[in-house]
Amino acid sequence: MTVTETPPPAADAPTVGATILEARGVTMRFGGLTAVKDVDMVVREGEIVGLIGPNGAGKTTFFNCLTGLYKPTEGVVTLGGAVLPPKPRAVVIAGMARTFQNIRLFANMTALENVMVGRYCRTSSMALTSILRGPKFRREEAATRARAQELLEFVGLGNSAENLARNMPYGDQRRLEIARALATDPKLILLDEPTAGMNPQETKQASDLIFRIRDSGLAVVVIEHDMRFIFNLCDRVLCLVRGEVLVEGTPGEVQSDPRVIEAYIGGGDDEDEDEVTPAPSAEKTEDQL
Ligand SMILES: Nc1ncnc2c1ncn2[C@@H]1O[C@H](COP(=O)(O)OP(=O)(O)OP(=O)(O)O)[C@@H](O)[C@H]1O
Ligand SMILES: [Mg+2]
């Protein structure tokens with residue numbers, strides 16, 4: 001971990017607006033293990049918020065609680081002031097999208113088709129129109145295809161539309177997941193280790209992409225182990241340790257907090273001392289990369 005440099009403030013950061021996401025007292029227990037304990041987090045419009053912490057700190061579990069993959073044992077999550085039901089589809093429709101630490105793409109579909117799948121939650125294509133395949137269906141399908149292509153271009157994959165997801169380089173698969181998440185028209189996007197497995201050039205591109213996503217009007221929450229990336233990118237950072245928020249503050253405050261340094265290099269969790277960009281540990285199922 002790099003904790004000595006003071007990063008420059010995020011360039012051209014827009015004014016932070018109203019609260020978009022509010023998590024209060026989120027707790028997640030698995031039997032005797034409390035993976036997330038009484039976590040509060042507020043995200044405002046126009047913000048990029050970082051979530052850091054050693055391996056096993058509960059970061060992904062917290063994302064799973066926010067996005068309805070897990071029903072928290074305790075706590076409430078609201079988006080735009082409305083309580084979110086703990087159901088992934090309802091959460092997406094309410095305006096929160098995510099990517100996964102272990103990439104989940106449709107391996108045997110093209111990049112374009114993967115993004116189109118994300119779009120279907122905003123169309124009526126799953127209903128009667130898609131069975132009848134009439135003019136309305138064809139119009140919607142053409143619009144979905146055009147929007148998916150636009151999003152591929154936005155993430156820098158405009159020339160990869162017809163490539164099968166499983167044949168794409170790892171960094172491109174991560175960007176493709178972001179495009180698919182954006183296709184759901186979210187107000188807020190959660191990114192779980194978006195630069196894992198990327199080289200420095202791809203990491204820089206990912207950082208530029210996240211700034212552009214924020215500039216397009218979305219709020220962003222990002223989990224990462226790469227501290228330089230986080231501290232350069234985020235307006236605010238929360239450090240989670242053993243399921244609890246240890247420190248919350250600006251990048252400057254968090255990186256100079258001795259408790260954060262201790263959590264990483266002296267805390268006994270299996271985190272390396274150096275800046276960490278872990279290789280993906282995904283177990284891949286047949287239809288997921
Ligand atoms: N479905 C589950 N059942 C039981 N335990 C779980 C489950 N999901 C996560 N855990 C446990 O919860 C703890 C937090 O795991 P989590 O994956 O959220 O950590 P993390 O901060 O994302 O770590 P990493 O940086 O390695 O991705 C770990 O001890 C993990 O083993
Ligand atoms: Mg994780």
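With the requirement that a residue be surrounded by fewer than 20 Cβ atoms within 10 Å (Cβ to Cβ) and not basic (Lys, Arg), what does the range 211-220 give you? Steps first, answer last, please.
Taking the range 211-220 and keeping what is surrounded by fewer than 20 Cβ atoms within 10 Å (Cβ to Cβ), we get 211-212, 215-217.
Hits for the range 211-220 are Phe211, Asp215, Ser216, Gly217.
Within the range 63-76, restricting attention to residues that are in contact (Cβ under 8 Å) with a residue 40 or more places away in the chain and within 16 Å of ligand 2 (Cβ to nearest atom), which residue is surrounded by the most Cβ atoms within 10 Å (Cβ to Cβ)?
Among those residues, the one meeting the criterion is Leu66.
Tell me yes or no: at least one residue of the range 77-85 is among the polar types (S, T, N, Q), open to solvent by less than 50 Å² (accessible area, probe 1.4 Å), without any contact (Cβ under 8 Å) to a residue 60 or more places away in the chain and farther than 30 Å from Val39 by Cα. Let's see the steps before the verdict.
From the range 77-85, those among the polar types (S, T, N, Q) are 78; that's our starting set.
So of that shortlist, the ones also open to solvent by less than 50 Å² (accessible area, probe 1.4 Å) come out as 78.
Checking which are without any contact (Cβ under 8 Å) to a residue 60 or more places away in the chain leaves us with 78.
Applying the additional criterion that residues be farther than 30 Å from Val39 by Cα yields none.
For the range 77-85, residues among the polar types (S, T, N, Q), open to solvent by less than 50 Å² (accessible area, probe 1.4 Å), without any contact (Cβ under 8 Å) to a residue 60 or more places away in the chain and farther than 30 Å from Val39 by Cα: absent.
Output yes when any residue across the range 78-92 is within 16 Å of ligand 2 (Cβ to nearest atom), under 28 Å from Leu246 (Cβ atoms) and under 19 Å from the mean Cα position of the chain (by Cα), and no when none is.
Scanning the range 78-92 turns up no residue that is within 16 Å of ligand 2 (Cβ to nearest atom), under 28 Å from Leu246 (Cβ atoms) and under 19 Å from the mean Cα position of the chain (by Cα).
Please work out which one of (1) basic (Lys, Arg); (2) part of a loop (DSSP other than H, G, I, E, B); (3) under 27 Å from Ser207 (Cβ atoms) is the condition Lys71 fails and give its number.
(3)
Mind counting the residues in the range 35-57 that are near ligand 1 (Cβ under 8 Å from one of its atoms), open to solvent by less than 10 Å² (accessible area, probe 1.4 Å) and of a type outside the set (Val, Ile, Thr)?
Step one: list which residues in the range 35-57 are near ligand 1 (Cβ under 8 Å from one of its atoms), which gives 35-36, 53-57.
Those left that are additionally open to solvent by less than 10 Å² (accessible area, probe 1.4 Å): 36, 53-54, 57.
In the following step, the residues that additionally are of a type outside the set (Val, Ile, Thr) were identified as 53-54, 57.
Qualifying residue count for the region: 3.
Out of everything in the range 211-231 that is farther than 22 Å from Leu182 by Cβ and not in a loop (DSSP other than H, G, I, E, B), what residue ends up being nearest to ligand 2 (Cβ to nearest atom)?
Result: Met227.
Where in the range 100-210 are the helices (runs of 4 or more DSSP H), entirely inside, with at least 3 residues that are surrounded by 21 or more Cβ atoms within 10 Å (Cβ to Cβ)?
Passing ranges, in order: 111-119, 135-154, 170-182.
Cβ contacts < 8 Å: first residue farther than 26 Å from Arg119 by Cα, restricted to the range 185-209; second residue away from ligand 2 (no atom under 16 Å from the Cβ), any location; separation 6+ or different chain. Result?
Gly197/Tyr170; Gly197/Gly171; Met198/Tyr170; Met198/Gly171; Met198/Ala206; Asn199/Gly171
Pick from the range 228-248 the residues that are hydrophobic (A, V, I, L, M, F, W, C) and within 13 Å of ligand 1 (Cβ to nearest atom): which of them is nearest to Leu209 (Cα to Cα)?
Just the residues of the range 228-248 that are hydrophobic (A, V, I, L, M, F, W, C), to begin with: 229-231, 233-234, 237-241, 245-247.
Now restrict to residues that are within 13 Å of ligand 1 (Cβ to nearest atom): 230, 238-241, 245-246.
Numbers: Ile230: 14, Leu238: 21, Cys239: 23, Leu240: 25, Val241: 28, Val245: 27, Leu246: 29 Å.
Within the range 228-248, the match that is nearest to Leu209 (Cα to Cα) is Ile230.
Take the range 14-34 and flag every residue that is outside any loop (DSSP other than H, G, I, E, B), surrounded by fewer than 23 Cβ atoms within 10 Å (Cβ to Cβ) and within 16 Å of ligand 1 (Cβ to nearest atom).
Our first condition is that a residue be outside any loop (DSSP other than H, G, I, E, B); within the range 14-34, this holds for 19-30, 33-34.
Now drop any that are not surrounded by fewer than 23 Cβ atoms within 10 Å (Cβ to Cβ), which leaves 19-20, 22-25, 27-30, 33-34.
If the condition is that a residue be outside any loop (DSSP other than H, G, I, E, B), surrounded by fewer than 23 Cβ atoms within 10 Å (Cβ to Cβ) and within 16 Å of ligand 1 (Cβ to nearest atom), then Ala23, Thr27, Met28, Arg29, Phe30, Leu33, Thr34 are the ones that fit.
Out of (1) within 16 Å of ligand 1 (Cβ to nearest atom); (2) part of a helix (DSSP H, G or I); (3) touching a Pro at 6+ places or on another chain (Cβ under 9 Å); (4) open to solvent by 10 Å² or more (accessible area, probe 1.4 Å), the odd one out for Thr60 is which?
(3)
The values are calculated or read from the model by the stated rules, or taken from the named source; none is laboratory data. Keep in mind that what you see is a predicted model, and the values were worked out from it rather than measured. Neighbour counts are summed over all protein chains in view; Cβ atoms, including those assigned to glycine, are modelled from backbone coordinates with ideal geometry. Only protein heavy atoms, including side chains, enter the accessible area calculation; ligands, DNA and RNA are left aside. Shrake-Rupley method; radii C 1.70, N 1.55, O 1.52, S 1.80 Å.
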